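S.K.: Quick one: structure below, then a few questions.
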Amino acid sequence: MARWGEWDLEGRVLVVGVVNVTPDSFSDGGRFFDPDAAAAHALRLAKEGADLVDIGGESSRPGAEPVPAEEELRRVLPVIERLRGRLGVPMSVDTTKAAVAEAALQAGAQIVNDISALRADPGMARVVAGHGALVVLMHMQGTPRTMQLAPHYQDVVREVRSFLAERIEAAAAVGIDRDLVAVDPGIGFGKTVEHNLDLLRRLDELGELGRPILVGPSRKSFLGAVLGLPVAERLEATLAACAVAVARGADMVRVHDVAPVRRAVDLAVRLRARRGT
Ligand code: HH2
């Protein structure tokens, strides 16, 4: 497994640049709510070295209320349309809704990042399979509205791994080629600080799934909890978390601060023991 779609992941880590077209995202809500501002931000992230950009129109921060599909489409489609043919790197759409994924793929996105791992919308798997799109399947306990109320696991890493294994099978059962699937432990999604730290400490245990691993620690609250820092001051912690994740086998990192993360992970990947050694 050294490939994801067109990407060769041998000795290489993909940097996924975050574009939040939302008024309420936890770290940059409102900054890129305007489609021109969002498109300009995506172009900047590509220039800074992002391998792909992930465009989302619904915040999934703890406590967030769901956004109707029509509103999500009003947010993300104009951005995708502005970037089509201009961005120079692929676009993914961060959505749990089949209608949003369908329209985004038709408009030029090539990847679906579904934080519900195809569970939130029964039509989602068919859309992904129909387009032959790349897909990210993420673990989450509960829903964004409820997930941080009382996260509970016997062994968070084993439970996340078996959940992701089950979701890979569910995707394959509806005709999604396994080679197109990447997996994500869902840092911050129904996890305590200690659960998040455990997932990063033992990330290598997800390697058994045989699929590329994406992690999204960027600016998240567990970093703030460990260091006692507000969201605007979590860059160094994000860099450290990304570097350790890469050392433990991450193939992709989803981040807001592309330029510094690019440098950190390009070094980290050179320092990584080769797979199987
Ligand atoms: N984290 C967020 C959103 N989408 N997708 C994947 N695959 N993995 C993640 O860790 C992940 C994700 C949350 O970050 P952000 O998009 O910046 O915040 P918000 O959900 O508030 O818009």
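S.K.: Residue by residue through the stretch 191-202, note down the ones that are over 10 Å from residue 160 (Cβ atoms) and in contact (Cβ under 8 Å) with a residue 24 or more places away in the chain. Can you show your working first?
M.R.: Start the filter on the stretch 191-202 by keeping residues that are over 10 Å from residue 160 (Cβ atoms), which leaves 192-194, 196-197, 200-201.
Result: 192, 193, 196, 197, 200, 201.
S.K.: What's the number of the condition residue 142 fails, among (1) at negative phi; (2) part of a loop (DSSP other than H, G, I, E, B)?
M.R.: Result: residue 142 passes all but (1).
S.K.: Taking the stretch 238-266, which residues are away from the ligand (no atom under 15 Å from the Cβ) and farther than 22 Å from residue 3 by Cα?
M.R.: Matches in the stretch 238-266: 239, 240, 259, 260.
S.K.: Follow-up question, since we're still on this one. Could you give every pair whose Cβ atoms fall below 7 Å, whose first residue belongs to the stretch 214-225 and is free of Cβ contacts under 8 Å to residues at least 12 places away in the same chain and on the phi > 0 side of the Ramachandran plot, and whose second residue is more than 11 Å from the ligand (Cβ to nearest atom) and not polar (S, T, N, Q), counting only separations of at least 6 or pairs across chains?
M.R.: Pairs found: none.
S.K.: Could you check the stretch 129-151 and list, in sequence order, the residues that are away from the ligand (no atom under 14 Å from the Cβ), of a type in the set (A, V, I, L, M, F, W, C) and at pLDDT 95 or above?
M.R.: Hits for the stretch 129-151 are 129, 133.
S.K.: If we scan the stretch 14-36, do we find a residue that is assigned to a helix (DSSP H, G or I) and surrounded by fewer than 20 Cβ atoms within 10 Å (Cβ to Cβ)? Outline the logic, then answer.
M.R.: Narrowing the stretch 14-36 to residues assigned to a helix (DSSP H, G or I): 35-36.
Adding the requirement that they be surrounded by fewer than 20 Cβ atoms within 10 Å (Cβ to Cβ) leaves 35-36.
Yes - at least one qualifying residue is present in the stretch 14-36.
S.K.: If you don't mind, another one. Could you please find all residues in the stretch 218-265 being out of contact with any helix residue (DSSP H, G or I) (no Cβ under 7 Å at 6 or more places or on another chain) and among the acidic types (Asp, Glu)?
M.R.: Once the filter is applied, which keeps residues that are out of contact with any helix residue (DSSP H, G or I) (no Cβ under 7 Å at 6 or more places or on another chain) and among the acidic types (Asp, Glu), the stretch 218-265 yields 233, 236, 251.
S.K.: Also, I was wondering about something else. Here is a list: 180, 209. Which entry is more than 16 Å from residue 241 (Cα to Cα), of a type outside the set (D, E, K, R) and in contact (Cβ under 8 Å) with a residue 60 or more places away in the chain?
M.R.: Values: 209 fails: in contact (Cβ under 8 Å) with a residue 60 or more places away in the chain.
After applying the criteria, what remains is 180.
S.K.: Can you find a residue that is assigned to a loop (DSSP other than H, G, I, E, B) and within 16 Å of the ligand (Cβ to nearest atom) anywhere in the stretch 152-175? Step through it out loud before you land on a result.
M.R.: Filtering the stretch 152-175 down to residues assigned to a loop (DSSP other than H, G, I, E, B) leaves 152-155, 174-175.
Imposing the further condition that a residue be within 16 Å of the ligand (Cβ to nearest atom) reduces the set to none.
Looking through the stretch 152-175, none of the residues is assigned to a loop (DSSP other than H, G, I, E, B) and within 16 Å of the ligand (Cβ to nearest atom).
S.K.: Answer with yes or no whether residue 175 is at pLDDT below 95 and either open to solvent by less than 60 Å² (accessible area, probe 1.4 Å) or in contact with a helix residue (DSSP H, G or I) (Cβ under 8 Å, 6 or more places away or on another chain) (or both). Give the steps one after another, and end with the answer.
M.R.: Numbers: at pLDDT below 95: no; either open to solvent by less than 60 Å² (accessible area, probe 1.4 Å) or in contact with a helix residue (DSSP H, G or I) (Cβ under 8 Å, 6 or more places away or on another chain) (or both): yes.
No.
S.K.: Separate question: Name the residues in the stretch 1-28 that are within 12 Å of the ligand (Cβ to nearest atom) and over 17 Å from the mean Cα position of the chain (by Cα), would you?
M.R.: 23, 24
S.K.: Looking at this structure, is residue 148 of a type outside the set (A, V, I, L, M), under 18 Å from residue 215 (Cβ atoms), in contact (Cβ under 8 Å) with a residue 12 or more places away in the chain and part of a loop (DSSP other than H, G, I, E, B)? Reasoning before the result, please.
M.R.: Working: of a type outside the set (A, V, I, L, M): yes; under 18 Å from residue 215 (Cβ atoms): no; in contact (Cβ under 8 Å) with a residue 12 or more places away in the chain: yes; part of a loop (DSSP other than H, G, I, E, B): yes.
When the stated conditions are applied, residue 148 does not pass them.
S.K.: Given the stretch 46-137, what strands (runs of 3 or more DSSP E) lie entirely inside it while holding 3 or more residues that are buried (at least 17 other Cβ atoms within 10 Å of the Cβ), at positive phi and touching a helix residue (DSSP H, G or I) at 6+ places or on another chain (Cβ under 7 Å)? Steps first, answer last, please.
M.R.: Details: elements: 52-56, 91-94, 111-114.
It comes to none.
S.K.: Which residues, taken from the stretch 53-110, are closer than 15 Å to residue 135 by Cα, within 12 Å of the ligand (Cβ to nearest atom), in contact with an Asp or Glu (Cβ under 7 Å, 6 or more places away or on another chain) and not acidic (Asp, Glu)?
M.R.: Listed by number, the residues that qualify are 55, 56, 92, 95, 96.
The values are calculated or read from the model by the stated rules, or taken from the named source; none is laboratory data. Treat the numbers as computed from the prediction; the structure is a model and nothing was measured. FYI the Cβ positions are ideal-geometry reconstructions off the backbone, even for glycines, and counts take in every protein chain you see. The accessibility values were calculated without ligands, DNA or RNA, using every heavy atom of the protein model including side chains. Shrake-Rupley method; radii C 1.70, N 1.55, O 1.52, S 1.80 Å.
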